[in-house]
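A quick write-up on the structure given underneath.
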Amino acid sequence: MPTLQDQLEKLVSGAPVTTPPTGLWERGRRYGRRRRAGSVLIGVVATAVVLAVLGSGWLRVPDPADLPTADAQTALRLPDAFHRPSRWLPTADDPPGPLVAVVPTQDGAFWGGDRAGVVGVSGATGEYAFLDLPDLPAVTSSSLDDSTVPALSDDGRRVAYWYVGETREEPVRRGPVLAGVAVYDTVTGEVVRRPVPTDHGVNGADLVWSGDRLWLSWYAVRTPRGNSATSGGSVAWTPSTGEERAFPRLNGIGGATGADGGLVLGDGRFDVLGPTGGAVPDGAWRLSRLTSGPVHVSPDGTRIAVLEDPDGRANLSTGEPATVLVGALGPPGSTVRLREVGDGSWAGVAGWRDDNHVVVSRTMGPRAGEGDQQTTAFASLDVSTGFPAGLTEQHDPSYYSLVLARDALAAPTYRAPDAASHPDPRLLAGAVAAATLGGLVGLVLWRRRVRP
């Protein structure tokens with residue numbers, strides 16, 4: 001680089017004087033001084049574009065490295081807490097692998113009009129993501145009915161749900177037009193459908209898994225107005241083979257549970273239908289005490305657990321906490337002698353953790369510093385001693401339903417990751433639009449101020 005003395009000598013001798021090349025930064029600085037308005041506009045637009053790209057990726061697109069690997073052999077793990085899923089969670093592009101739980105909820109739409117969605121909780125990592133379930137029933141309000149509540153198989157691999165489709169005649173005018181059951185495989189991504197042909201659609205739909213068998217029960221809508229229903233049907237269907245068996249005398253399966261492929265009917269009774277070579281025979285039993293809610297059969301098929309009817313009158317439960325009852329099974333037709341286990345502070349029985357522990361639940365009030373947020377606490381209740389040990393928690397249970405895989409009740413627990421932040425992307429879009437508008441207004445005001 002020539003020095004100042006060299007430049008002066010060239011000037012005296014009449015030789016041409018050369019200047020060092022100007023750097024890119026210096027040229028940009030000079031351009032900004034000459035054209036301040038254009039520089040401000042370029043800066044505002046560039047900032048808005050960068051924020052939009054980075055923000056949309058942060059809010060809606062998951063990092064592929066963070067998604068669980070789809071593996072049929074992945075063992076389920078039970079997180080010590082479940083959180084209320086955000087409406088703005090990403091959708092899993094690839095099959096997420098076995099799930100520990102699913103949550104029917106609302107999937108946020110950028111332009112409003114939220115639609116029904118199902119969030120899956122990974123059995124491997126505990127991460128949340130919306131599942132890509134084709135023809136899931138749409139929900140026009142924030143309330144979720146039976147048609148939008150999926151059923152998760154015992155091993156967490158298959159998600160069953162009612163799908164919308166065509167009917168033979170005019171479809172029902174109110175609510176979703178249910179046309180059959182679909183089963184989504186979380187490992188392969190395959191979807192298998194079992195149509196339920198009707199004239200106007202399906203109403204009063206229920207789904208219950210028992211091993212590899214899916215029990216489904218429905219009523220057919222009588223008229224397009226949807227104000228009444230006619231007789232429907234109940235079927236035990238095995239999606240992997242297509243085998244099915246009809247149960248025409250079965251009038252609904254709401255509140256039922258599964259055992260060895262069979263269906264366990266409870267709520268004041270105890271009947272088992274349709275097992276094939278399982279530990280629990282087909283038959284009916286009498287119960288020595290009044291009960292409320294589903295009956296759960298132990299893994300070895302020798303005992304049952306159920307919640308006592310707290311008010312002592314069948315079908316008139318007040319919803320108050322009650323005592324867990326456990327009894328040994330005899331031959332079909334005999335009476336199951338039920339005994340109390342632990343105190344009477346439980347609101348529900350979720351199933352068996354093993355042959356000696358029952359998973360029970362109760363709702364707890366807000367904790368210090370958590371506002372009015374309630375928690376449903378799940379515990380493992382020792383049926384011999386009546387001692388409960390904490391298992392997992394569901395935060396904010398009044399805002400979402402939690403559907404657990406039955407095998408998850410027996411899975412080891414681990415500390416759940418903190419709930420990921422997924423704010424409303426419309427807030428980001430509004431901030432970008434406000435920044436751009438503010439820049440343009442500032443530009444106009446500046447030009448008016450400097451104009452001669």
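Just so it is clear, none of the values below were taken in a lab; they were calculated from the coordinates. Small disclaimer: the values here were computed from a predicted structure and weren't measured. Counting neighbours? That spans all protein chains shown, and the Cβs are built from the backbone with ideal geometry, glycine included.
Work out from phi, with θ = phi - 60° and the Karplus expression 6.51 cos²θ - 1.76 cosθ + 1.60, the ³J(HN,Hα) of each residue of region 257-262, listed in order in whole Hz, and give x for Gly and Pro.
Listing the rounded values in order: 10, x, 7, 6, x, x Hz.
Extending each Cα 7 Å along its Cβ direction at V441 and E340, get the distance between those two points in nm, one decimal.
Label-label distance for V441 and E340, simple model: 6.9 nm.
In nm, to one decimal, how far is the modelled label at T223 from the one at Q374, with both set 7 Å along Cα→Cβ?
3.9 nm
Show me the ranking of peptides 90-102, 405-417 by mean Cβ neighbours inside 10 Å, starting with the highest. Please list the in-between numbers first.
Numbers: 90-102: 22.0, 405-417: 17.6.
Result, highest mean first: 90-102, 405-417.
Between A138 and T241, what FRET efficiency comes out of the Förster formula 1/(1 + (r/R0)^6) with R0 = 25 Å and r the beta carbon distance, rounded to 0.05?
Working: r = 31 Å, r/R0 = 1.25.
Taking R0 as 25 Å, the efficiency between T241 and A138 is 0.20.
Quick check on packing: order 178-189, 379-390 by the mean number of other C-beta atoms within 10 Å, highest mean leading. If you can, show how the numbers build up before the last one.
Values: 178-189: 20.8, 379-390: 16.0.
The packing order, highest mean first, is 178-189, 379-390.
If I stretch the segment between A434 and R115 completely, what's the gain in nm (0.36 nm per residue apart, minus their alpha carbon distance), one decimal? Write down the numbers at each step before the final one.
On the way: separation 319, 0.36 × 319 = 114.84 nm, distance 2.79 nm.
Result: 112.0 nm gained on full extension.
Run the numbers for T230 and D300: contour at 0.36 nm per residue of separation, minus the present Cα-Cα distance, in nm. Don't skip to the answer; put the middle values down first.
Values: separation 70, 0.36 × 70 = 25.20 nm, distance 3.90 nm.
So the chain would gain 21.3 nm between T230 and D300.
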